1. So if I check each of PRO98, PRO71, PRO83, which one is touching a residue at least 24 places away in the same chain (Cβ under 8 Å) and assigned to a helix (DSSP H, G or I)?
2. When region 309-334 is examined, which residues are found to be surrounded by fewer than 17 Cβ atoms within 10 Å (Cβ to Cβ) and among the charged types (D, E, K, R)?
3. Just for region 17-28: of the residues that are β-branched (Val, Ile, Thr) and crowded, with 18+ Cβ neighbours inside 10 Å, which one is nearest to the chain's Cα centre (by Cα)?
4. As an exercise: evaluate GLY44 against (1) outside any loop (DSSP other than H, G, I, E, B); (2) within 19 Å of TYR260 (Cα to Cα) and give the number of the one condition it does not meet.
5. In the list LEU186, LEU212, LEU194, which residue meets the criterion of being in contact with a Leu (Cβ under 7 Å, 6 or more places away or on another chain) and over 24 Å from LEU143 (Cα atoms)?
6. Condition first: in contact with a helix residue (DSSP H, G or I) (Cβ under 6 Å, 6 or more places away or on another chain), crowded, with 18+ Cβ neighbours inside 10 Å, within 23 Å of ASN156 (Cβ to Cβ) and not hydroxyl-bearing (Ser, Thr, Tyr). Now tell me which residues in region 210-245 satisfy that.
7. Quickly run through region 184-205 and pick out the residues that are over 16 Å from VAL126 (Cβ atoms), of a type outside the set (D, E, K, R) and out of contact with any Gly (no Cβ under 8 Å at 6 or more places or on another chain).
8. Among THR290, THR245, which is the only one that is modelled with pLDDT under 90 and closer than 21 Å to ALA90 by Cα?
Amino acid sequence: MNLLALIVLTAIKITLVLVVFLTAIAYTVLMERKVLGFIQLRYGPNRVGPWGLLQPLADLLKLLFKEDFTPPHVNRVLFVLAPIITAVTAFLPFAVIPFARQIFPDEFTFYGVTFDLTAAGLNQGVIADINVGLLYVFAMGSLAVYGAVLGGWASNNKYSLLGGLRYAAQMVSYELALGLSVIGVLMLAGSLSLVKIVEAQKDMWFIVYQPLGFILFLTAALAECARTPFDLIECENELVAGYQTEYSSMKWALFMLGEYCHIIVASALAVTLFFGGWQGPYLPPIIWFTLKTFILVFVFIWIRGTYPRFRFDQLMQLGWKVMLPLCLANILVTGAVMLLV
């Protein structure tokens, strides 16, 4: 396959994934407002379009036309750069998450020239299948903290700075637990490639072997996404709005885009690691992956509508005194069982 064809087909795959992903983020916001409305016995958005389905478009237009105000005495370069970092780093992990067995045929003919897509891996249902895919996801996800910290510091606002510092402390505490919670999965799969991890679950999903690992992963993912009950970085009764207090218009929208992007990536990663990824009977693989991810996104929203937030000292104690020992115990038990069985 020549270089031009490789670039064009890769660009098509990236564009398809990006369009679907952006649409999913928009309707995840609508889904959250609808579900929270149901939980709280009130109506969600139901005026714009049939059943409120055009509400995401209305929100986008509103944010586009709102005044983009930059307060005086801020560090303008970092103030603008922070939301961009948050949004971009949130998208990057999806490059290695497999969502189907394959999306293109093994080969196709164009103007008499036959292209073999298997050689370049372009037929796979993943943008890039790299042998350290899980490490790549954690590396890209950890960069998101820079957006919040820089935004909080550059805003020249006490509440914003406190929100950014809280986010940094929270990420350090729970990233350790997040990484350790998946060690059992890696021991069972024998690979860091997310495609190989999915293929290793063809007989049995890893949630059966790693129930504690999944609970720890989900808890740490909630903290990494700064979702209730771990949303101490923006709690309005203490910090006004936290690190994003001084932001408005599309800069604020980029922070929100990053947050909901993190929710979908965390749900998709949990599906890949613990619930067999795209695998399932009868339905097409892409439908199975979408359905499983949708269920976990619903769990994120359900938790937000159910639990109050912790105090900050409780959040730190949970991360260091409870989750870290449980992660180490899970690794020890998994290793022992593998040696014995």
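1. PRO83
2. Of everything in region 309-334, those that are surrounded by fewer than 17 Cβ atoms within 10 Å (Cβ to Cβ) and among the charged types (D, E, K, R) turn out to be ARG311, ASP313, LYS321.
3. If we take residues in region 17-28 being β-branched (Val, Ile, Thr) and crowded, with 18+ Cβ neighbours inside 10 Å, then ILE25 is nearest to the chain's Cα centre (by Cα).
4. All conditions are met except number (1).
5. So the residue among LEU186, LEU212, LEU194 that is in contact with a Leu (Cβ under 7 Å, 6 or more places away or on another chain) and over 24 Å from LEU143 (Cα atoms) is LEU212.
6. Within region 210-245, LEU232, ILE233, GLU234, LEU239, GLY242, GLN244 qualify.
7. Selection gives LEU186, LEU188, GLY190, MET204.
8. THR245
The values are calculated or read from the model by the stated rules, or taken from the named source; none is laboratory data. A quick note: this is a predicted structure, and the numbers were derived from the prediction, not measured. We place every Cβ from the backbone using ideal geometry, glycine too, and count neighbours over all the protein chains shown.
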